[in-house]
Amino acid sequence: MKCSNCGAEMPNDAIFCVSCGSRAEKSPTETCKKCQMPLNPGAQFCNGCGEPVNHVTPAAGPACPQCAAPVAPDTVFCPNCGAKQQKAGQAFAPPPMPAQPYPQQPYAAPVQPMATPVAPPPYYANPYNPYTQPVPPAKPKARKKGLFVALAIILVVLLAFGGVYALFGRDIKRLVLGPKATYLSIEGKTMKQSAADLVADLAKYGNETDRPEKGGQVLDINVDLNEATLGIDPAMAAALENITIQNKLMYDNSEAKPRYFNQLGLLASDEPLLTMEAFYDTEQVVIGFPEILDQCLVATSDDLTNYLGLSGMDAATTGSAVSIFKSMLSLDLGIDEAKMKDSLNDVIDIMLDNIDEAEYKANQTLEAGDVSAKYDLYTVTVQEEGAKQMFLDIFKLIRDDEQFYNLASQMAVYGSMSTGFAEGAALTKEAYQTGLDDMISQLEAEDTSDNEFTMVMKVYVGKDDQVYGRDLTIESADGANQLRFQFAHPVDGSQEAFTVSLEADQQVYAYTSSFTVEDEKSTGKATITANGAEVAAISFKDLVSKTVGSTERLLGSMDITLENLGASADASMPVPTGFTFSGSEDGDKYLIGFGIPDWFSITVGQAEIAAGDVTLPTYEPDNLVSITDQAALSGLMTPDVQQKFMEIVQQLGLMQVG
């Protein structure tokens, strides 16, 4: 037969190829020579009687040193046991296999003593050859495939969990925490962000340290008149239309004493005709007319108080007026932004802590104008006891809060505090706390059982956890609405709507608009109603808020039509039916247009003055005339001054000078 591996000829009873040493494939029909039982392929002994399959008698000629089977002189591998044959002169270590009775046991090779114990080398697992040869250990294969599979499984699980949480995370959180805790989390985040924005604006405009040291703005005002509607002379209308009213305001807060300069002028074709200048700081006011007078009028704060007193005004009132004027020049609310934000957050926490219940419903419709959308709805309830405790906790907090006191003491100068605080006077901390103690005492003595009510607010929340609608109702014990405030802003793609309404004392006022948004510009219509009757209709186009210079401005156009204004007493005079507004930009200049159709239109251009362009005038004492110096005042109106004034009037085209 032939070797299945290399194709070499070998004896029919050979177990191994004499050329390559590969094991010979036996026919499955081979039988035992002793009992004739079929042999399994490759069997060394018969399964029936134990007779060796190839019993070899040691030969006299060349024999295999492994099994003593006869081999040809040039044989490389033994045809019986497959052992590699040794050439002449080469030693073969393993001795011949001794005869053993059946069943044969594996031969244990003697272990040579070693100086240092080491692990034995691996052996071929060959049951037919007890003299197995050691082989070099195979390098372990890197289990890259298994590692990649494990990582892929982990990645899929993470992605799957992340996707599920992204889609259903809010639902999972709501199931775990409940609707009330979920609502409080959303509402707390929304309200505290609004509080942070409010404090940032207060600090920006109210803190002296946060305002620029120098700056200003220029306003140019022009009019376009319909002389027929207004009933004025066409020549006068043309003269007025040729005039530009310019107001330039500059300030300098770089020094301890803030200073302001205001210049109001009339220009014809950009040429100044008449100018009034006003310079003021916390100590004095200076007024001048540079085209007419060579000197300026000056009034100190005491002069103003006395002058107003001579006019019949109460001294306390005149003093308050001057005090307010001074405070306006040096307004500094002194807001610590971080601390004020923390104080407002404490108030918000008190409000949220006093919520009694919260219910949840998914996919509830929110409507406004022509737009509706689905949102999650949280309905929260506060009973009268909770509301009472809420206000008590808030009043007690702001009573001892330094930030609220600082803000109240600054605003008290302008009479903005509630009754019980002196208008226009400095607010001491004692007076501040006394006023709050009175309110706390009154509220603690209030018997809520005589005035039971429930505050119910429906809050519509989008998938982005933003609030898109609120409906706050205060209901009395008999179920009647005492107050209702609604806000809704549903969004459906590019379609949006907005509604704000207030119902109190059986009066209902509402603003509703429906519009489309494209490139952040809104175009649509709106109405203002009172008790269901339309008061005004508004159409707007391309409205957008944009920064012009350093200030947010409104761009776009609006047409406002007024309704139910009644008839004019003079049949010849038409009744204004609406207004127009437009906002646009011209470089760093902001242009505003507004007016009454068929009556007039006004255009205002506004440009900022950079700090480097601010220059305030200085005044010499000899050039100033006090308003209390009657003789000096009379000497100012000389014939030359009167002539200059008449020439300016003539240039304006308002009258002819003879």
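By a 1.4 Å probe calculation restricted to protein chains, residue 245 has an accessible surface near 70 Å², given to the nearest 10. Taking a ≥ b ≥ c as the square roots of the eigenvalues of the alpha-carbon gyration tensor, region 523-647 is classed oblate because a/c is 1.5 or more while a/b is no larger than b/c.
Taking amide hydrogens as placed 1.01 Å from N in the peptide plane, the amide H of residue 214 sits under 5 Å from those of 253, each at least 5 positions away in sequence or on another chain.
One decimal place: the segment residue 430-residue 75 gains 115.7 nm when fully extended, by the rule 0.36 nm per residue minus the C-alpha distance.
Per-residue surface analysis assigns residue 388 an accessible area of about 40 Å², computed on protein heavy atoms at 1.4 Å probe radius. Full extension of the segment from residue 84 to residue 193, taken as 0.36 nm per residue of separation minus the current Cα-Cα distance, would add 30.5 nm. In this rough spin-label picture, where each label sits 7 Å from Cα along the Cβ direction, the residue 236-residue 505 distance is 4.2 nm.
Taking 0.36 nm per residue of sequence separation and removing the Cα-Cα distance, the residue 201/residue 346 pair yields an extension gain of 50.3 nm.
Computed from backbone phi, the HN-Hα couplings of region 613-618 come to 9, 7, 9, 9, x, 10 Hz, rounded to whole numbers (Karplus: 6.51 cos²θ - 1.76 cosθ + 1.60, θ = phi - 60°; Gly and Pro given as x). Pairs spanning more than 23 Å between alpha-carbon atoms, out of 189/458; 361/525; 248/589; 541/589: 361/525.
For region 457-512, the carbon plus sulfur part of the accessible surface works out to 49%, probe radius 1.4 Å. For a straight C-alpha distance cut-off of 15 angstrom, the aspartates and glutamates reachable from residue 644 (same-chain residues fewer than eight places away being disregarded) are 291, 294.
Restrict the search to region 466-552; then list the GluC sites (Glu not before Pro) that DSSP places in a loop and that have at most 14 other Cβ atoms within 10 Å of their Cβ.
520
The values are calculated or read from the model by the stated rules, or taken from the named source; none is laboratory data. What you are looking at is a predicted structure, and each value in this text was computed from that prediction instead of being measured. Heads up, the Cβs are rebuilt from the backbone with ideal geometry, glycines too, and the neighbour counts pull from every protein chain shown. Quick note on the areas: whole protein, heavy atoms, side chains included, nothing else; ligands and nucleic acids left out. Shrake-Rupley method; radii C 1.70, N 1.55, O 1.52, S 1.80 Å.
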